[in-house]
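A.B. asks: Let me give you the structure first, and then I'll get to my questions.
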Amino acid sequence: MLTPPQNHRPAPRVNRRTVLREFIRTFASFFRKPQALTGILFMLLYRLPEAQLVKLINPFLIDGRDAGGLGLTTGEVGLVYGTVGVIGLMAGGILGGLVTARGGLRRWLWPMAWSISLTCITFCYLAWAQPTSLITICACVGIEQLGYGFGFSAYMLYLIYYSEGELRTAHYAICTGFMALGMMLPGMGAGWIQERLGYDGFFWWVMGCCVVTIVVTALIKVPENFGKKHV
């Protein structure tokens, strides 16, 4: 029922040889794009802090206070992370879409990069203070997820920008593969790091990793009006 795009057309000849040739051409053209190396580094490392943080949020909320956690019940975790956190994430994403539609990605790239980085400090506070107030915990998790949702908008828009061109659909699919890899690889070692540093040290480690987010953001270049809504 959707309206087909203007450049939608059937492939003229499709057989095993052409499929293999197009498959290779798609990958080759992806890595030949301008700023390919910096673009891939951005895809892999922009979310380095969050990729580690997200693996330990639930264990941190559930673990007892003697282990450095907050000792919440399963129901309280559902409220804090599954409800308040999701609302904050959605609100941040919607806000990110609205502001980039007005000012473009280039204008909002740095505020979004700082947003996804600095809001991680709420977990440093939670691990240090171990508050008992559910309202305080909800506020901290909500702020962090709001900042993540807002900062993630820049990431998704950059994937769209990088994928522009003749093979945009296939290139975007490759971008999402790097996106998944950027979450999987850092997450593999997050538990090991936490076991050696404790929750307090782990969350400060995550804050230190925010430097990587800022560095890869400084490397990429986007057109001034990309993402801006043209009326």
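A.B. asks: Could you give the angle, 0 to 90 degrees to the nearest 10, between helix 134-163's Cα long axis and the longest principal axis of the Cα atoms of the chain?
C.D. replies: 20 degrees
A.B. asks: Which of Ile40, Ile57, Ile135 ends up with the largest GNM mean-square fluctuation for the chain, with Cα atoms connected below 10 Å?
C.D. replies: Ile135
A.B. asks: Another one. Within 10 Å of each candidate Cβ there may be at most 16 other Cβ atoms; applying that plus a DSSP loop requirement, which trypsin sites (Lys or Arg not before Pro) in the stretch 165-223 survive? Walk me through the numbers before you get to the answer.
C.D. replies: Details: sites: Arg168, Arg196, Lys221; in loops: Lys221.
Sparse-neighbourhood loop trypsin sites (Lys or Arg not before Pro): Lys221.
A.B. asks: If the cut-off is a Cα-Cα distance under 17 Å, which aspartates and glutamates reach Lys228, setting aside same-chain residues fewer than 8 apart in sequence?
C.D. replies: Straight-distance partners of Lys228: Glu164.
A.B. asks: Specify the angular offset, from 0 to 90 degrees and rounded to the nearest 10, of the alpha carbon long axis of helix 85-103 from the longest principal axis of the alpha carbons in the chain.
C.D. replies: It works out to around 40 degrees.
A.B. asks: Hey, another quick one. If one takes the longest principal axis of the Cα atoms in the chain, at what angle in degrees, from 0 to 90 and to the nearest 10, does the Cα axis of helix 36-45 lie?
C.D. replies: The answer is roughly 30 degrees.
A.B. asks: So if I take the centroid of the Cα atoms in the stretch 29-46 and the same for the stretch 118-157, what is the distance between those two points in Å?
C.D. replies: Computed from Cα coordinates, the inter-centre distance equals 29 Å.
A.B. asks: In Å, what Rg and Dmax follow from the Cα atoms of the stretch 36-219?
C.D. replies: So, for the stretch 36-219, Rg and Dmax equal 16.7, 57 Å respectively.
A.B. asks: I've got another one for you. Which of Glu144, Glu166, Glu76 ends up with the largest GNM mean-square fluctuation for the chain, with Cα atoms connected below 10 Å?
C.D. replies: In this elastic network of the chain, the residue with the biggest mean-square fluctuation among Glu144, Glu166, Glu76 is Glu166.
A.B. asks: Using the Cα gyration tensor of the stretch 64-169, with a ≥ b ≥ c the square roots of its eigenvalues, what is the shape: rounded (a/c below 1.5), prolate (a/b larger than b/c) or oblate (neither)?
C.D. replies: Details: a/c = 2.75, a/b = 2.45, b/c = 1.12.
The shape class here is prolate.
A.B. asks: Okay, moving on. Run the numbers for Met183 and Thr73: contour at 0.36 nm per residue of separation, minus the present Cα-Cα distance, in nm. Could you put the intermediate results ahead of the total?
C.D. replies: On the way: separation 110, 0.36 × 110 = 39.60 nm, distance 2.69 nm.
Contour length minus the Cα-Cα distance gives 36.9 nm.
A.B. asks: Quickly work out the Asn58-to-Leu95 label distance, labels modelled 7 Å from Cα along the C-beta direction, and quote it in nm with one decimal.
C.D. replies: 2.7 nm
A.B. asks: Here is a further query. Could you please rank Met156, Met184, Met43, placing first whichever residue has the fewest other Cβ atoms within 10 Å of its Cβ? Kindly include the intermediate steps, with their values, before the conclusion.
C.D. replies: On the way: Met156 18, Met184 10, Met43 24.
Ranking Met156, Met184, Met43 by Cβ neighbours within 10 Å, fewest first, gives Met184, Met156, Met43.
A.B. asks: By how many nm would the segment from Arg196 to Val215 grow when fully extended, if each residue of separation counts as 0.36 nm and the alpha-carbon distance is taken off?
C.D. replies: Values: separation 19, 0.36 × 19 = 6.84 nm, distance 2.65 nm.
Fully extending the segment from Arg196 to Val215 adds 4.2 nm.
Read-outs: derived from the displayed coordinates by stated rules, not from any lab. Note that the structure is a prediction, hence the values are computed from the model and not measured. No Cβ is skipped: glycine too gets one built from the backbone with ideal geometry, and neighbour counts run over all protein chains shown.
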